[in-house]
1. Which numbered condition trips up D202, out of (1) within 13 Å of ligand 1 (Cβ to nearest atom); (2) acidic (D, E); (3) not assigned by TED's automatic domain parsing to the domain that holds G142?
2. Restricting the stretch 446-462 to residues that are more than 16 Å from ligand 1 (Cβ to nearest atom) and open to solvent by 60 Å² or more (accessible area, probe 1.4 Å), which is nearest to L491 (Cα to Cα)?
3. Just the residues that are buried (at least 22 other Cβ atoms within 10 Å of the Cβ) and away from ligand 1 (no atom under 16 Å from the Cβ), please, taken from the stretch 93-115.
4. Hey, among the residues in the stretch 352-378 that are within 14 Å of ligand 1 (Cβ to nearest atom) and either assigned to a loop (DSSP other than H, G, I, E, B) or at pLDDT below 95 (or both), which one's surrounded by the most Cβ atoms within 10 Å (Cβ to Cβ)?
5. Could you say whether any residue in the stretch 220-227 is modelled with pLDDT of 95 or more, in contact with a Lys or Arg (Cβ under 8 Å, 6 or more places away or on another chain), open to solvent by 40 Å² or more (accessible area, probe 1.4 Å) and not assigned by TED's automatic domain parsing to the domain that holds I131?
6. For the stretch 302-309, state whether one or more residues are within 16 Å of ligand 1 (Cβ to nearest atom), at pLDDT 95 or above and within 30 Å of Y128 (Cα to Cα).
7. Tell me which residues, restricted to the stretch 209-226, are in a helix (DSSP H, G or I) and in contact with a strand residue (DSSP E or B) (Cβ under 9 Å, 6 or more places away or on another chain).
8. Quick test of your reading of the structure: G142 fulfils all but one of (1) surrounded by fewer than 22 Cβ atoms within 10 Å (Cβ to Cβ); (2) modelled with pLDDT of 95 or more; (3) away from ligand 2 (no atom under 16 Å from the Cβ). Name the failing condition by number.
Amino acid sequence: MKKFVRLSLSVLPIVSACNWCQQKEMKGKDDRPNIVIIYMDDLGYGDISANGFSSIKTPNIDRLATGGVCFENGYSTSATCTPSRYGLLTGGYPWRDKDVKILPGTAPLLIQLDQKTLPAMLRKEGYYTGIVGKWHLGLGAGNVNWIETITPGPNEVGFDYSFIMAATQDRVPTVFIENGDVVGVDSNDPIEVDYNKNFKGDPTGRDNPELLKMKWHHGHNCSIINGISRIGYMHGGKSARWVDEDMADTFLDQAQQYVKTHKDERFFLYYAMQQPHVPRTPHPRFVGKSGLGPRGDVILEADWCIGEFLKTLEKEGLMENTLIVFTSDNGPVLNDGYYDDAVEKLGDHKPGGPFRGGKYSLFEAGTHVPFIVYWKDKIQPVKSQALVSQVDLFSSLSAFVGSDLRGPDSQALMDVFLGKSDRGRASLIIEAGGRTAIRKGDWVMIPPHYGAEVNKNVNIELGNSGDYQLYNLKEDIGQQNNLADKNKETLKDMIKTFKNIRGN
Ligand code: NG6
Ligand code: CA
């Protein structure tokens, strides 16, 4: 009896201490907010009015910018889409794998099933995870049958729910896919997709310009769907084809439904919007509203969608409990393959802000993008100078939610993302079309890259030169003065760091 009493007395404090630990941990975990990443497609640093270079107003995005941490040195991992999204979701630099490049709509899934991903990490930590919008990371294992459930895809690499377009708005197949199933497809009218040859008798942008409502400028001359010719050929699936002008409303509706359905769980939503990528097809409500042509109109449309999405969070009482990241996959382009007045009606608007280059470029405008973190009442609004990359979201969010997973190139910088610290990365690698450069501190070094200096189709400087280029962004934000000859020591140091990170 005596023995028993002694035992229970000594065990009791341990048991209650454990309970306390557990409760404390649980409480900490219960405090974790929902996480939403709003990811734009080809939106430039200057395209949001909060950054000060825009002649159009984006009040809803600005609300996030002025109420959160607005980064002045925030980067995507690449100047094009697939690699950027790969970097965001895996926490690894895309240039480490030569297969990570702009994909056709028939490409197999690019992310390996055993690879760590941001959504899988969050799912493991108890989040319900979803994607609504553009995927562009491949689907299936080759030869997809579009009337059967397509697998593997987003649902196999960490997303509990997916409502996506396979690739881009300008690529076939032009259908939405929900959890692997093409929405509205009729098995009597199967979908065929081919990126090399046309289906006999089908009209194309090349041969039937009279059928087009938007003319192609370069590329984009294959199958005509909804009066717009695309990259690639598609036959059948008539009942499943999207109407481009309704796409923004469709994705918004899905994003809102997702939030409403999962409001009682802790959720992650990757809301990957399609604007302002080509073809720019504003809903009639927005046509002509920006004065800048369709590119400006779809930016207004996107801003409106974000406003409506925020209203849903408010109505559901989730605003204070939701951390929102807003950013873009790569920098801006005006003419990306269709005649849509983006060049002609640009006026004073500066899509790339103060930066040189644009989409596809190693110059700053390619990857130096809008980057905002917002969490109502939890963040002291600030303009941050810290150097951050989208690749860092993996490890930062992982540490934040209590996971010890880390992405291969991803730094845990949550204090920086929450505006509590301005000690960002020391350096990062910039990538454009497989070519790389480095930013370290205020300096950017672009090693020699041969090839065209300007992509004449899109009229963008690519950053190529046979010589080393060295710029000091603090003094020369527009990268006009190559200091490589004058600053041999800095150049040497930059080359050394570049080689250390790249491994060659
Ligand atoms: C390019 C397309 C461009 C765009 C881009 C992908 C041509 C000539 N150009 O190959 O229009 O679709 O791929 O953009 O076809 S991204 O934002 O998804 O990377
Ligand atoms: Ca893009």
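The values are calculated or read from the model by the stated rules, or taken from the named source; none is laboratory data. What you see is a predicted model; the values in this text were computed from it and never measured. Reconstructed Cβ throughout: ideal geometry from the backbone, glycine too, with neighbour counts over all protein chains shown. Heavy atoms of the whole protein, side chains included, go into the accessibility calculation; ligands, DNA and RNA do not. Shrake-Rupley method; radii C 1.70, N 1.55, O 1.52, S 1.80 Å.
1. (1)
2. Result: Y450.
3. Y93, I111
4. T367
5. Checked the stretch 220-227: at least one residue is modelled with pLDDT of 95 or more, in contact with a Lys or Arg (Cβ under 8 Å, 6 or more places away or on another chain), open to solvent by 40 Å² or more (accessible area, probe 1.4 Å) and not assigned by TED's automatic domain parsing to the domain that holds I131.
6. Yes, the stretch 302-309 has at least one match.
7. If the condition is that a residue be in a helix (DSSP H, G or I) and in contact with a strand residue (DSSP E or B) (Cβ under 9 Å, 6 or more places away or on another chain), then P209, L211 are the ones that fit.
8. Exception for G142: condition (2).
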